[in-house]
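Here the structure is laid out as structure tokens; the discussion comes afterwards.
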Amino acid sequence: MERSHQNRKGRGNHSSSSSSSQSTRIRNTKVSNFNESSSATNYATNNRSNAHDDPQWKPRRGNTSSSNTQKEKIKTEEDKEADSSDFPRLIGTCPFMCPESERSQRERLQDLAVFERLHGNPRKTSPALAVKKFCRTISAKHMQASDVRPLPVLEDTLAYLLNLLDSTDHPFEVVHDFIFDRTRSIRQDLSMQNIFDDKSIYMYEKMVKFHVISHLKLQRCRSSSNISSVHYLNMEQLTKALTSLYNLYDTNRDSGTVYRNEAEFRSLYVLLHLDSNTRPMVDLYFITVGESLSLWFRFVLHPIIRSKEMCFARSVLRFYQMGNYMRFFSTISAEASYLQYCILEPYINKVRALSLSYINNAGYKLHPYPLVHLSKLLKMKEPDLEVLCNACGLETCADDMGNKLLPTKQTTFCCPKEGFQSYNFTGLEQFES
């Protein structure tokens, strides 16, 4: 796919900075939604306070050669392992979700996932159940066309996999493990055939959505002992899929064109940089050592910079870094889309704990803080807030009227060593299901 980028350079956004003042043509892409909500109200202009957030600020594009150099640095694992640009183009002919040879072999080896077993039999499957597994050592040079699925079959396979995402017959870790592996195989087949058209963009958007939603759901899974490693691997594939998606946007871009969902997916990159503890992993795939998030903005089209999705992401980043918890929560409540919330949810309780620390240290000892008021600021229910206070080592009390209060100047504050449990976000209950 990277070689395709070089062959088609000049069509990307880095060579089209002069057209940023022209009206943007939005492509009417049709991407199916699963468990998501669209972005909320437009961002208020007066929230932009620093130089980069000024409405008149325009990012520099850089030149085409530097853009191509950067793309070479972020070639994904699937591209490296399945790159077929040195060989005649491979066109898959497999009509099934899983090639017949692989299906027969896995039946003999009893290597069938629970979703692939016919009537629960670990030795038997069918073309309607078996899905091609990801193979790390595969090479396009030695791959037969009959073992590679063409684009229409890949589209049907992805739709089948995503329908399993809401399955309640098995724990989410089991569902995730199956979809995780099989979507990697889809990306591998796309790469081997050098498919980088609009349809592949829609598919990558859906696969990124899967990893983003899994990012939230895996955070809430506490039943498995290895959930931390699973969460790490999911984040790793999320960054790789985002990398490929961004490259596809640039490769297929006409002058000044922005895809309908591009601004939201670009904003996810900013939200992944909220916490400095996560940046080394993200930087591994997106920006090289010594480069910063501000440099990344130089390669983003101006219409995307001005979009409500990107303005939201930059505002949340700024409020998080400033420790402005009131603006942080109010902005999320008013404007976050479902995908953006999935990325932000792990940070919300960190900011809530930080706000409790502020209030505990700065409050007047003789005037305990009412939990009913604090719960509105932190966008959580009062009983949940009391549980959070206790988890952070803070005691609560009640006045003569039975109103719960948080005494300040307590010296026992600490963040829970076992991590935070999940609390609902008031106003975004539709995202909690």
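Here are the numbers:
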read-out	value
Mean projection area, nm², convex hull over Cα of segment 209-256	3.7 nm²
Area of ARG327 that stays accessible when all protein chains are in place (1.4 Å probe, Å², to 10)	90 Å²
Ordering of 392-398, 127-133 by packing [mean C-beta count within 10 Å, highest first]	127-133, 392-398
Translational D in µm²/s for segment 313-387 (Stokes-Einstein at 20 °C, 1.002 mPa s, Kirkwood Rh from C-alpha pairs)	164 µm²/s
Positive minus negative residues near ALA130 (Lys, Arg vs Asp, Glu; Cβ under 14 Å)	+2
Two-decimal log10 I(q)/I(0) for segment 279-433, as the Debye equation yields it once each C-alpha is a single scatterer, q = 0.10, 0.13, 0.14, 0.15 Å⁻¹	-0.44, -0.70, -0.79, -0.87
Summed side-chain charge close to GLU382 - residues other than GLU382 whose Cβ falls under 11 Å, Lys, Arg +1, Asp, Glu -1	+1
Whole-number percent relative contact order across segment 162-278, with pairs defined as alpha carbons under 8 Å at least 6 apart	26 percent
Lysine pairs within segment 306-407, Cα separation less than 21 Å, 8 or more sequence positions apart or different chains	7
Overall Cα dimensions of segment 155-263, principal axis frame, Å, largest first	49, 25, 23
Per-peptide average of other Cβ atoms within 10 Å, ordering 413-425, 142-154, 209-221, 236-248 highest first	236-248, 209-221, 142-154, 413-425
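The values are calculated or read from the model by the stated rules, or taken from the named source; none is laboratory data. Everything quoted here is computed from the prediction, not taken from an experiment. Ideal geometry is used to build each Cβ from the backbone, glycine not excepted, and the neighbour counts take in all protein chains shown. Just so you know, the surface numbers come from the protein's heavy atoms only, side chains and all, with ligands and any DNA or RNA stripped out. Shrake-Rupley method; radii C 1.70, N 1.55, O 1.52, S 1.80 Å.
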